[in-house]
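The values are calculated or read from the model by the stated rules, or taken from the named source; none is laboratory data. Here the structure is a predicted model, which is why all the values come from computation and not from measurement. A quick note on method: Cβ atoms are made from the backbone with ideal geometry, for glycine too, and the neighbour counts reach across all protein chains shown. Accessible surface is based on the protein model in full, side chains and every heavy atom, while ligands, DNA and RNA are left aside. Shrake-Rupley method; radii C 1.70, N 1.55, O 1.52, S 1.80 Å.
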Amino acid sequence: SSLVVHECENSFKKRVPDSPFITSTLQQAASKNLKMRPKATMDVAQKLFDKGLITYHRTDACNFDPAGVEDIKSWARKAGLPVCSENRVWKTKPSAQEGHEAIRPIHVENIEAGDTPEEKALYRLIWLRAVASQLEDAIYAVRNVILRGDNGDGESYFVAKGATLTSPGWLSLRGSSEDADSNCVPDMPVESSIDVHKSKISDLITKPPSRYTEADLIKKLESLGIGRPSPYASIMENISGRSYIAED
């Protein structure tokens with residue numbers, strides 16, 4: 001059997017870095033990446049702040065002070081990283097008080113800092129997010145191919161998508177990233193014929209929503225406008241301590 005190339009479209013796609021950490025997103029990222037509970041995250045962040053390693057960690061402002069932006073960009077240029085030409089401005093919630101800037105390392109030239117493994121891990125998470133936020137977008141070459149076939153009862157269409165990382169931008173901080181995979185979809189002329197040697201039909205079963213993690217709960221509370229940056233950790237502790245939720 002064979003299929004015919006109905007469309008073959010090539011385009012480019014940008015991937016923007018995440019906004020700098022605020023209290024809630026720091027707790028979410030530490031939960032997902034470091035398996036740290038929100039209270040532990042805040043305790044460790046407090047120690048980093050007390051040691052003069054990071055800016056104040058209780059904040060709802062998504063942007064750095066101008067001096068902080070220039071400090072990061074200046075270091076990144078010297079390090080040969082692709083610095084974003086314009087000044088990024090991240091959207092902050094209308095209810096945000098913005099009493100303090102977003103969380104960043106005080107001395108960006110200190111790639112590693114902290115005394116304990118937990119301090120070092122959280123500092124590194126903050127450092128990566130802060131520096132990445134001031135680098136260029138990652139650029140992908142994207143290819144979408146629509147294949148047309150005759151199933152006997154009419155025409156059927158199949159979609160193949162692939163992407164190649166052409167300019168790593170902020171992803172260069174990751175080194176050899178899994179995002180650098182080459183495009184598995186070849187460039188094919190429209191109306192050309194493709195022989196199908198093997199095919200498989202998959203039955204897709206709708207899965208129920210996954211259970212909430214502490215990171216998911218914080219994200220949901222934030223989206224509903226419940227609470228302020230500081231109390232999220234204590235809210236999680238109360239929910240767990242009073243057995244309102246239980247782990248599997």
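Packing order of peptides 155-163, 187-195, highest average first: 155-163, 187-195 (average count of other Cβ atoms within 10 Å over each peptide's residues).
Restricting the calculation to Cα atoms, the stretch 88-142 shows an Rg/Rh of 1.07 when the hydrodynamic-style radius is the Kirkwood one.
I'd like to check one number: the per residue accessible area of the stretch 64-201, probe 1.4 Å, reported in Å² as a whole number. Per residue, the stretch 64-201 has an accessible area of 60 Å².
Residues whose amide H falls under 5 Å from that of residue 36, counting only those 5 or more places apart or on a different chain, are 31, with hydrogens built in the peptide plane.
Scanning residues 5 or more positions from residue 6 or on other chains, those with amide H under 5 Å from its amide H are 146, 147, 148, 191, with H placed 1.01 Å from N in the peptide plane. For the stretch 31-81, run through the trypsin sites (Lys or Arg not before Pro) and keep only the ones in DSSP coil with at most 14 other Cβ atoms within 10 Å of their Cβ. Listed in order of number, the matching sites are 35, 51. Report the calculated FRET efficiency for residue 65 and residue 95 (r = Cβ-Cβ distance, R0 = 25 Å), to the nearest 0.05. Taking R0 as 25 Å, the efficiency between residue 65 and residue 95 is 0.75.
The candidate values are (1) 41, 20, 15; (2) 25, 20, 19; (3) 42, 26, 16; the one derived from this structure for semi-axes √(5λ) of the Cα gyration tensor in Å carries the label (3). Projecting the alpha carbon convex hull of the stretch 1-107 along each direction and taking the average yields 12.2 nm². Using equal-weight Cα scatterers in the Debye expression, the normalised intensity of the stretch 72-173 in log10 at q = 0.23 Å⁻¹ is -1.21.
At q = 0.25, 0.28 Å⁻¹ the log10 of I(q)/I(0) for the stretch 44-94 amounts to -1.03, -1.06, computed by Debye summation with a single uniform scatterer per C-alpha, solvent ignored. Only one residue of 218, 132, 243 has its Cα farthest out toward the positive end of the dipole of the chain, where Lys and Arg carry +1 and Asp and Glu -1 on Cβ, and that residue is 243.
Mind ranking 124-131, 141-148 by how tightly packed they are, going by the mean number of other C-beta atoms within 10 angstrom, highest first?
Details: 124-131: 21.4, 141-148: 17.6.
The most tightly packed comes first, giving 124-131, 141-148.
Surface composition of the chain: carbon plus sulfur atoms hold 52% of the accessible area, using a 1.4 angstrom probe and ignoring ligands, DNA and RNA.
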